[in-house]
Every structure is written in structure tokens, then in C-alpha cells.
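Worksheet: the structure to be examined is printed underneath.
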Amino acid sequence: MGTGPSIYESVRMKVFSLMYHDVVEPGAWDSSGFPGTGAAVYKLERAEFGRHLDAIAATGASVVRATEPLVDGSAMLTFDDGGVGAISLAAEIIEKHGWVGHFFVTTDRIGTAGFLSREQIQEMRRRGHVIGSHSCSHPTRMANCTREELQREWSESVRVLEDILGEPVPVASVPGGYYSRVVGATAAEAGIRVLFNSEPTAAVSRTGECLLLGRYWIQRGMPAGLSGAFAAGRLGPRWKQSALFQIKKVAKAAGGKTYLSVRERLLKG
């Protein structure tokens, strides 16, 4: 699941990307995006999300979009899955700060309960937000898919979004944190030029014409100041999350499906 110097070229800059998922009304965890306790961990209530953005603003961080030339030391706001909370809550709160977000859509879920419709995706884009792919089906363990399956996940999801938006869709994020070299290579083959994974790093690398960016994840109940610390590039919080990620990566690789089932049981408990 790592990257190797024979394929990936380091880019001399740091970008501090934050990974959110959904914003919901108090206690309405299943109202947007994927249901269940595992997904709810990554959903913030409206007021909580507002405090996180206020903390980012207080640092003076420069919040940019991935579809423009990247600026060293800048921050980005990203949202996975394509839940309807993106347009009903998250976008409005982001816009109050004069920022835009990156919203990655699971295209098989478009128009289904709890997810954005075609018209809502178009509206989000008209408001200036970046729309990207989050695969077609959101595989549970994307790095375990065959090359042919990965090619379909990326190329078909990009095709669907381009049909909705009438413009290229060069940005995507990897579902579930299960990244591999083949996941990155097939994304690049599908025309994706900026790919976000779930590794908490500010380093930027390149495979061919595609940039690979990590993200610092935000979960429900985390202090709002943590979002500010990540966006501002503070080392202590970044190192701590990076260490936790390395432990989880080993557990995922060793545990496979067992890791997922144990995680779900712990969350329910």
C-alpha cells in the first residue's frame, strides 16, 4: 500500500487537506450519506462543523481548490461519499467563509435516499464547488479490486459526472482509505489529475500527470481546533495522526475482512 520511487515522483510543496464526510442536523446520522455506526463516526452536526470552520478561519489558512495550480502551504476542504448534507448544510456554511469545498460523489448512489441528485450536483457546481469522483460503487476494500474493476470504478464514475456537469472531472478521492499503486494508476488512466487518499500527509507526489495528495481526517467529537491545526500545518497534531494511520494500515493489511467486522462491532458497542 506504499509508494515507491520508481513510480512516484515527489513534488516540492506541502498541502494540508482535510477529509470530512457529512454534515447533518443534530442526531440525524442516517439522514445523509451511508447509514450505520461506521459511517456516523465521520459525520458532524451543523453547529460542530461551523466551529471547525471557524477554527480554520482563525488561523488565517489559505483555503484553495485542487483544480487550480496548487500553492505551497495552502489548505483544502474535502468531503467523501456525496451525501445530501453537502448541499443542505455543508456548502452553505463553507460559503459563509468565502471558501469552496471538494465533494466526491459515489455515482451509483446519485438520486437515492440520502444522496445528492443530478440537479443538486449541478447546483453545487454552479455555486463554485469542486465535484469529483468517489468511484461508482464505493468498494469496501478498493485496493483488493482487480485492475479491470478499478478501471470501471474510475472511468464510469467520471463519465457519469461529466455527463451531469458538461465539463471534465479531473479530481477524485479513494473510498475507505484502501489505496494502492494500481488504484492510483487506473485513476490516472481515467483522466483524473488530482487524487486524494486517506493518508495523513502534507506531501505531494506525482504519477504521470496525476498528483497524489493525502488528507487529515476529521471525526465527530474531535476538538474544533484540530481542524485549524491541520489546516495551518502544525506538526504535533499531524505527526500524531500519521502514527495512528501507520498502526491502522498494518491492522487493515493483516486483518482483511476481519478488521472491518471487528471495527464495526466496536463501533456498535
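Computed values, structure above
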read-out	value
Distance histogram for segment 1-157 (every C-alpha pair counted, 5 angstrom bins, percent rounded to whole numbers)	2, 9, 16, 19, 19, 16, 11, 6, 1, 0
Span-like helix ranges in the chain, DSSP H, alpha carbon extent 18 angstrom or more, Kyte mean at least -1.0	46-59, 147-165, 235-255
Pairwise Lys count, the chain - Cα closer than 27 Å, eight or more residues apart or different chains	24
Average accessible surface area per residue within the chain, 1.4 Å rolling probe, Å²	43 Å²
For the chain, share of DSSP beta bridges that run antiparallel, in % to the nearest 5	25 percent
Calculated Cα extents along the principal axes in Å (choose from [x] 73, 48, 35; [y] 44, 43, 42; [z] 55, 44, 37), label	[y]
Note, ³J(HN,Hα) from phi for segment 29-38, Karplus 6.51, -1.76, 1.60, rounded to Hz, x at Gly and Pro	5, 9, 7, 9, x, 6, x, x, 5, x
Cut-off under 5 Å, modelled amide H: who pairs with Val105 long-range	Gly132, Ser133, His134
The chain, helix-only ellipticity at 222 nm - DSSP H runs n ≥ 4, -39,500 (n - 2.57), divided by all residues, nearest 500	-11500 deg cm²/dmol
Whole-percent carbon and sulfur share, accessible surface of the chain, 1.4 Å	53 percent
Antiparallel DSSP beta bridges within segment 18-124, as percent of all bridges there, nearest 5	10 percent
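The values are calculated or read from the model by the stated rules, or taken from the named source; none is laboratory data. The shown structure was predicted, so the numbers you read here are calculated from the model rather than taken from an experiment. Note: accessible area is taken over every heavy atom of the protein model, side chains too, but ligands, DNA and RNA are not part of it. Shrake-Rupley method; radii C 1.70, N 1.55, O 1.52, S 1.80 Å.
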